Ligand code: ADP
């Protein structure tokens, strides 16, 4: 009737868990992994056990945390020697035979990596494992090992059922005892047992939509299938009444339709009155579970094959340092790092890469993932500042950080990359930060070429505008030159007079100098317009720029008897931009305005130029009294090469638009109700 105590040493009391897999509502990345991920401390005690480990080995995490590696293996002698070598050498990869609670052995391909502390001592060991493809072990009963055994784990409390357990003990000893009564008592024991904790699997199998919190404290019976309550009760009593401390009691239980061939194992937990329960079996029709596994596999595959290079890093050490720094009242981490640049070096050597995908290996030109499983310093050999920025982001508690930076590949090539860092949400558990690097080198060079092309084009357009303005420019330069000649001639006349009038001569010479300066200013201005140069970003006074632009077209306007009315707002805030480029925009608009008025030929000949500011933007409007823009063309005039003029090129407005856009602004055109066209551009008021 009762199950025999198992002959194998059953798990002993686990210590207080350090990490508990599948506990938090926000699971860790490793909780999603399709591979078994186990973290051991240097002693070989299990710190973390992911759901895939539960499925592979059939041991629930709640029963594994704190146990030694010996619980997984049969040859503890060899294991000790292996562990010693592993800690020395840092990594190991191979095939091992592991034991499941059912007594079944499973052959697993494992990879073990030692993570080292900053001082070079081993910190812990991460082990990745999956069932060996060549594993066709047959267990003792002759069954083929199922692909995967389910492990639903429970921790239950039967401390409130002491009387009941004593009665069961009595009944079991009594040869004449009523079988039915004993059955009833066993079932009652399941009703009296309270849930202390359950794992993810248990929740999914029997918890319905209730969360773990709603299960804890409830009677086990409320979640245990009716058909097998008696079996469970027997095992609970066996474990509580068993003489051998730590013995495991195991029975097949009737299938409940969810699990095929379910096997229940029960053993006493460390706390008096507590039991651990593991239910193993294959799942036929737990849809959600199967779907989840499938999506995990897809997710894993997706991540692995993603064209974006991904790094998973463990920055827990730095996380603790940030907490300490924060505790001392530091808020400006940027300044703090200026004083403590050694912290950046520390991050470079202690933040450990724990996983990478294929694209990462490819990007850096490594021969395999292991080449990349090192402290992150190698990612920041050129752009140390980027690492600093990543640290600042983490310190500030940002969710993520993005920047374009450069990395050096293993063969010394430099790549432009867009880096995105996703910080851990829950720092308490595995401190997993994800780095993604996207190679944008190509993209950047195309962008640079485009920028160059655009700059060349803008420059060409300026030259072309200047070409159109040659008459005006000649006139502009000519004026001061003529004044110089006149004043020089006058001085000569004064010099030839007998009574030297020093005062008069001084006045004339001053005028000559002023005119010379004016001519030089004009040439300077034209040279500014004509020069090929990199755009700059300086504080701009829009009124000044507009005034200067007027100087280029003053002659055009005056010689055509056009009147210009200006209305410049006073005390305008500054914008940030390129003076010459903005001049180019205004000159273009003015030239178009003059041409529009000229083309119309009749009526008022006026231009109205106005500046102002409005909701964070500087505004410039220019209205003319030309014929306006035909409604059909309004949409098209800013397109390149759209022109209605015989000798037009149709690039002026297109360039105006791109310049204004580069300044973060916008430009538009409409017809004024009183006739003529009105152009308006707005650029944001810059930082002071
Ligand atoms: P272009 O002056 O060489 O034609 P633009 O890009 O400067 O090139 O102008 C494109 C077109 O926009 C002009 O051909 C004209 O049809 C229209 N346009 C520009 N400014 C005005 C204006 N002030 N009034 C009416 N139409 C205008």
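Please treat every number below as a calculation from the coordinates, not as lab data. Everything numeric here is computed off the predicted structure, so don't read it as measured data. Note that we place each Cβ from the backbone using ideal geometry, even for glycine, and neighbour counts take in every protein chain shown.
For the reader, a short list of remarks on this structure follows.
- Of the peptides 56-65, 538-547, 175-184, the ranking by mean beta-carbon count within 10 Å, highest at the top, reads 56-65, 538-547, 175-184.
- Extended-chain gain in nm, criterion 0.36 nm per residue less alpha-carbon gap, residue 392 and residue 520: 41.0 nm
- Ranked list, fewest to most other Cβ atoms within 10 Å of each Cβ, for 321, 659: 321, 659
- Nearest-0.05 FRET efficiency for residue 107 and residue 183, computed from C-beta distance (R0 41 Å): 0.50
- Over region 442-520, relative contact order from alpha-carbon pairs under 8 Å, at least 6 apart, %: 32 percent
- The distance between label points at residue 328 and residue 443 comes to 3.9 nm (points 7 Å beyond Cα on the Cα→Cβ vector).
- Inter-site label distance for residue 413 and residue 320 at 7 Å from Cα along Cβ, in nm: 4.0 nm
- Taking the average, over residues, of other Cβ atoms within 10 Å as the packing measure, peptides 306-318, 227-239, 481-493 rank 227-239, 306-318, 481-493 from highest down.
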